[in-house]
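**Q** Take this structure, written in structure tokens, and hold onto it; I'll ask about it next.
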């Protein structure tokens, strides 16, 4: 079974530029998550999708971050314009969903963003 | 809001030692708790998931326990090996569709 795919793996941009990340979840997984992991910290949830709909985006800086999930499969996360403090690893995860189930999350390799 | 703390932040041990990593959480109303491993430059690999109704889970040399009443979980690694060197993260989940709340991790180094 193929895992969660993310691209690009690395990105270096200057502040005020725009950047986009792509995620392809495990086939059949209804739930998709984007996390931000700043160096030395644990991942923090940015946004969670259930199929096409947003379940939780309470910690997404909506003035500069946006995300969409096309047809309930792939997802893109965009930052426009980027700030220095956005330097982090952006992790995508997916899970199947059953009521009362484990709903274990599986993570992709991440995209390391450096903002200069 | 759930707060997850991991102690120690870093640990360095010789090969063969048994060791314990600690995780504490402030809200005992969790749905499950998960332990992950993260290698440098890589994503997270799930090691063990404990449902709130369970007390422990085992996989090979790894054993994770959960005590909801005290807000604690431990990850026990038996007979450590250099290949176990990585950062270990614990994360709690409050509901079936809820987000994961992560600790900062314990950076483990096992030297030959």
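**Q** Looking at segment A:73-101 only, could you name the residues that are over 20 Å from residue A:42 (Cβ atoms) and at the interface with chain B (Cβ under 8 Å from one of its Cβ atoms)?
**A** Result: A:97, A:99, A:100, A:101.
**Q** Considering segment A:74-95 alone, what residues qualify as being closer than 29 Å to residue B:47 by Cβ and surrounded by fewer than 17 Cβ atoms within 10 Å (Cβ to Cβ)?
**A** Scanning segment A:74-95 gives a single hit, A:74.
**Q** Looking at segment A:47-66, which of the residues that are assigned to a strand (DSSP E or B) and touching a strand residue (DSSP E or B) at 6+ places or on another chain (Cβ under 6 Å) is farthest from the other protein chains (Cβ to nearest Cβ)?
**A** So, considering only residues that are assigned to a strand (DSSP E or B) and touching a strand residue (DSSP E or B) at 6+ places or on another chain (Cβ under 6 Å), the one farthest from the other protein chains (Cβ to nearest Cβ) is A:66.
**Q** Which residue is nearest to residue B:86 (Cα to Cα), if the candidates are limited to segment B:22-39 and must be away from chain A (no Cβ under 11 Å) and exposed (fewer than 15 other Cβ atoms within 10 Å of the Cβ)?
**A** B:26
**Q** In segment B:93-106, which residue that is surrounded by 18 or more Cβ atoms within 10 Å (Cβ to Cβ) and either under 15 Å from the mean Cα position of the chain (by Cα) or not in a loop (DSSP other than H, G, I, E, B) (or both) is farthest from the other protein chains (Cβ to nearest Cβ)?
**A** Among residues in segment B:93-106 that are surrounded by 18 or more Cβ atoms within 10 Å (Cβ to Cβ) and either under 15 Å from the mean Cα position of the chain (by Cα) or not in a loop (DSSP other than H, G, I, E, B) (or both), the one farthest from the other protein chains (Cβ to nearest Cβ) is B:106.
**Q** Check residue B:90 against each of (1) assigned to a strand (DSSP E or B); (2) farther than 22 Å from residue A:3 by Cβ and name the one condition it does not meet.
**A** (2)
**Q** Restricted to segment A:102-116, and to residues that are surrounded by fewer than 18 Cβ atoms within 10 Å (Cβ to Cβ) and modelled with pLDDT of 90 or more, which residue is nearest to residue A:7 (Cα to Cα)?
**A** Checked segment A:102-116; the qualifying residue nearest to residue A:7 (Cα to Cα) is A:112.
**Q** Among (1) surrounded by fewer than 20 Cβ atoms within 10 Å (Cβ to Cβ); (2) more than 11 Å from chain B (Cβ to nearest Cβ), which single condition is residue A:44 missing?
**A** Condition (2) is where residue A:44 drops out.
**Q** Which residues, taken from segment B:4-21, are more than 11 Å from every other protein chain (Cβ to nearest Cβ) and assigned to a loop (DSSP other than H, G, I, E, B)?
**A** B:8, B:15, B:16, B:17, B:18
**Q** Filter segment A:19-46 for residues that are touching a residue at least 24 places away in the same chain (Cβ under 8 Å), touching a strand residue (DSSP E or B) at 6+ places or on another chain (Cβ under 7 Å) and part of a loop (DSSP other than H, G, I, E, B) and give the result.
**A** A:25, A:26, A:29, A:30, A:38, A:43
**Q** Under 7 Å between Cβ atoms, which residue pairs at least 6 apart in sequence (or on different chains) link something in segment B:75-93 that is within 13 Å of residue A:43 (Cα to Cα) with a partner that is in a loop (DSSP other than H, G, I, E, B) and at pLDDT 95 or above?
**A** Once the first residue is within 13 Å of residue A:43 (Cα to Cα) and sits in segment B:75-93, its partners that are in a loop (DSSP other than H, G, I, E, B) and at pLDDT 95 or above give B:87/B:105; B:88/B:105; B:89/B:103; B:89/B:105; B:90/B:103.
The values are calculated or read from the model by the stated rules, or taken from the named source; none is laboratory data. On a predicted model such as this, the values are computed, not experimentally measured, just so you know. Please note: Cβ atoms are built from the backbone with ideal geometry, for glycine as well, and neighbour counts cover all protein chains shown.
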